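The values are calculated or read from the model by the stated rules, or taken from the named source; none is laboratory data. Remember, it's a predicted structure, so these values are computed and weren't measured experimentally. For neighbour counting, all protein chains shown are included, and Cβ atoms are generated from backbone atoms with ideal geometry for every residue, glycine included.
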Amino acid sequence: MLNVQADVEATEDRGNRKERVGQVVSVKNSKTIIVESTTRVPHARFGKIVKQIKRFHAHDEDSVAKLGDTVRIMESRPLSKLKRWRLVTVIAH
């Protein structure tokens, strides 16, 4: 099982890395999850609030996250062609 306390201590030493919270939309690949993150930003010209949806490929070493889970991911070194993020913790099932 994932040791959350040790993982939190390890992330504190890593400096300023981006973190995102999103929902798992795919678990089809081995040790990889696809996380969809939604942000609300104003349109550059018209100022209307619009949703931006981005998908991130994240490394999940122990295959802890399941489809539909809310997770926190953190930026990391390139792990493959598309994976630049890793799973920090599962927030909700």
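Observations, loosely collected:
- Among the residues here, K48 does not qualify as surrounded by 14 or more Cβ atoms within 10 Å (Cβ to Cβ), at pLDDT 95 or above and out of contact with any Lys or Arg (no Cβ under 8 Å at 6 or more places or on another chain).
- Taken over region 63-79, the criterion of being more than 12 Å from V27 (Cα to Cα) and touching a residue at least 24 places away in the same chain (Cβ under 8 Å) is satisfied by T70, V71, R72, I73, M74, E75, S76.
- Between R86, R40, the distinction of being outside any loop (DSSP other than H, G, I, E, B), among the charged types (D, E, K, R), modelled with pLDDT of 95 or more and within 11 Å of the chain's Cα centre (by Cα) belongs to R86 only.
- Residues of region 57-85 classified as buried (at least 18 other Cβ atoms within 10 Å of the Cβ) and out of contact with any Asp or Glu (no Cβ under 8 Å at 6 or more places or on another chain), total: 7
- Pairing each residue of region 36-52 that is on the phi < 0 side of the Ramachandran plot with any residue that is small (G, A, S), provided the two are 6+ apart or on different chains, yields C-beta distances under 8 Å for E36/G22; S37/G22; T38/G22.
- Among the residues of region 23-32, just one is under 11 Å from I73 (Cα atoms) and touching a Lys or Arg at 6+ places or on another chain (Cβ under 9 Å), namely V24.
- Any chance V35 is farther than 15 Å from L82 by Cβ and either in a strand (DSSP E or B) or not aromatic (F, W, Y) (or both): no
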